[in-house]
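Q: My structure is below; once you've seen it, I'll send some questions.
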Amino acid sequence: MMRRRPAKSFLPTTAVLEMTYRCNHECLFCSCPWERVDGDFDIREELTPERWKGIITKLCDLGVSSIAFTGGEPLLKAGILDIITHTSGCLTERVDTVDGELISETVPPSLYLLSNGLLVDQDILEFCEEHSVTLSMSLPGLSTYTEHTGRDTADTVLRNFGLAKELGIRTVANITVTRKNFFELRRTIAAALIAGAGQVLLNRFLPGGRGLGYAEDLSLEPENISELLATAEDVLSKAGKYGSLGTEIPVCLADPTEYSSISAGTQCSAARQFFVVGPSGHVRVCNHSEVRLAHIDAYEDLKLDPYWNTFTQKRFMPEECRGCGERFRCDAGCREAAHITGGSVDSRDPLMRDCIYPS
Ligand code: SF4
Ligand code: SF4
């Protein structure tokens, strides 16, 4: 059993780096805050590759040991391969407890590329192989793929999972589950696995960004959550694979401990296990967050930032959960989706809007 210790600094050990605001998909469910119609999240000047490289070196010095490149679409960032190559040559101290003993290793950070898959070709795949990059590609449905993304390239993504498998690249099929594609969730997971995807990451649709404008069409119902988990469990167990639901759920909607092939988070990991650096270099607690905090150059300011500390100290529980015996393992769903739809981080998760809470 291996557990990872906190980073050398107060920063979480995983950094999600948004390389660019730009994207070549037009996903209905996109939660990037700058895509929100009539939103306040302005687009600022993007960091240059040279600036990113300096920041990444510093993050590794601070004990960040997992780095995910995302966007927008990260492959649209000029110099992205140069940035990743630089990152693969960095070293960081990773401290784990193995069977109760502290083990410290100086290693390159683990690398993840989160892409929509449109620009992934043989060169990109060989690059991922060479630099040990885990490649995540989006697959939000099969027959509904085009309706969700504005592109007709589901087959390309599936083919790339196969090619990646041949090269021995670790891959993740990233499936955003919406009301529109819920009916084909079983087929979508199966298609990804048959094509060669190594793992499946499900994300329930969260209102935010562009998706806020489509919330009525895309939002799941509370009762969908246990069905989603049961469907994933069934497909994954038959395939002998493992998956996860990446967007936290309230325990009173479904108890993840009842499933063995799919794991689901119930506790918000924003600012505790990961943090985000946006295209301009400003920190956010989660990619779903609309709240821009200090620039990463001034990361020490986060220690005294009330919003950052709301998440590190978990001061965000809804009134309705007061007294619930599950609070030790449940953060009542997504705290940023609650913020966006309810006006404050301690609002109800949008899935729970009309629920009667256990007393
Ligand atoms: S009442 Fe709140 S804390 Fe309790 S299980 Fe439901 S969402 Fe979680
Ligand atoms: S803000 Fe929401 S999506 Fe982000 S880590 Fe917390 S619960 Fe998960």
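Q: What pairs can you find where one residue is in segment 327-349 and farther than 19 Å from L245 by Cβ and without any contact (Cβ under 8 Å) to a residue 24 or more places away in the chain, the other is charged (D, E, K, R) and buried (at least 18 other Cβ atoms within 10 Å of the Cβ), and their Cβ atoms are less than 9 Å apart, with a gap of 6+ or different chains?
A: G342/R348; G342/D349
Q: Select from segment 92-111 the residues that are surrounded by 14 or more Cβ atoms within 10 Å (Cβ to Cβ) and free of Cβ contacts under 8 Å to residues at least 60 places away in the same chain and list them in ascending order.
A: Just the residues of segment 92-111 that are surrounded by 14 or more Cβ atoms within 10 Å (Cβ to Cβ), to begin with: 92-96, 108-111.
Within segment 92-111, T92, P108, P109, S110, L111 qualify.
Q: Give S260, S359, S280, S269 a once-over and let me know the one that is at pLDDT 95 or above and within 16 Å of ligand 1 (Cβ to nearest atom). Give the derivation first.
A: Working: S260 fails: within 16 Å of ligand 1 (Cβ to nearest atom); S359 fails: at pLDDT 95 or above; S280 fails: within 16 Å of ligand 1 (Cβ to nearest atom).
On inspection, the qualifying residue turns out to be S269.
Q: Condition check: at pLDDT 95 or above and not β-branched (V, I, T). Does A254 satisfy that? Can you show your working first?
A: Working: at pLDDT 95 or above: no; not β-branched (V, I, T): yes.
Against the criterion (at pLDDT 95 or above and not β-branched (V, I, T)), A254 does not qualify.
Q: If you don't mind, another one. Suppose the filter is crowded, with 19+ Cβ neighbours inside 10 Å, more than 16 Å from ligand 1 (Cβ to nearest atom), over 19 Å from the mean Cα position of the chain (by Cα) and among the polar types (S, T, N, Q); does T310 pass it? It would help to see each step written out before you state the result.
A: On the way: crowded, with 19+ Cβ neighbours inside 10 Å: yes; more than 16 Å from ligand 1 (Cβ to nearest atom): yes; over 19 Å from the mean Cα position of the chain (by Cα): yes; among the polar types (S, T, N, Q): yes.
It is true that T310 is crowded, with 19+ Cβ neighbours inside 10 Å, more than 16 Å from ligand 1 (Cβ to nearest atom), over 19 Å from the mean Cα position of the chain (by Cα) and among the polar types (S, T, N, Q).
Q: In the set L302, L293, which member is within 15 Å of ligand 2 (Cβ to nearest atom) and open to solvent by less than 40 Å² (accessible area, probe 1.4 Å)?
A: Details: L302 fails: within 15 Å of ligand 2 (Cβ to nearest atom).
Exactly one residue qualifies, and that residue is L293.
Q: Can I ask one more? Does segment 199-206 include one or more residues that are open to solvent by 10 Å² or more (accessible area, probe 1.4 Å) and either over 17 Å from the mean Cα position of the chain (by Cα) or more than 29 Å from C23 (Cβ to Cβ) (or both)?
A: No, because not a single residue in segment 199-206 is open to solvent by 10 Å² or more (accessible area, probe 1.4 Å) and either over 17 Å from the mean Cα position of the chain (by Cα) or more than 29 Å from C23 (Cβ to Cβ) (or both).
Q: Among strands (runs of 3 or more DSSP E) lying entirely in segment 1-118, which contain 1 or more residues that are of a type outside the set (V, I, T) and at pLDDT below 95? I'd like the intermediate steps shown before the answer.
A: Values: elements: 2-4, 14-18, 66-70, 92-98, 101-107, 110-115.
Qualifying strands (runs of 3 or more DSSP E): 2-4, 92-98, 101-107.
Q: With respect to the numbered conditions (1) in a loop (DSSP other than H, G, I, E, B); (2) without any contact (Cβ under 8 Å) to a residue 12 or more places away in the chain; (3) of a type in the set (V, I, T), which one is the sole condition not fulfilled by V251?
A: V251 satisfies every listed condition except (2).
The values are calculated or read from the model by the stated rules, or taken from the named source; none is laboratory data. Predicted model only: the values in this text are computed from it and were never measured. Heads up, the Cβs are rebuilt from the backbone with ideal geometry, glycines too, and the neighbour counts pull from every protein chain shown. The protein model used for the area step is the full one, side chains on, heavy atoms only, and it has no ligands, DNA or RNA in it. Shrake-Rupley method; radii C 1.70, N 1.55, O 1.52, S 1.80 Å.
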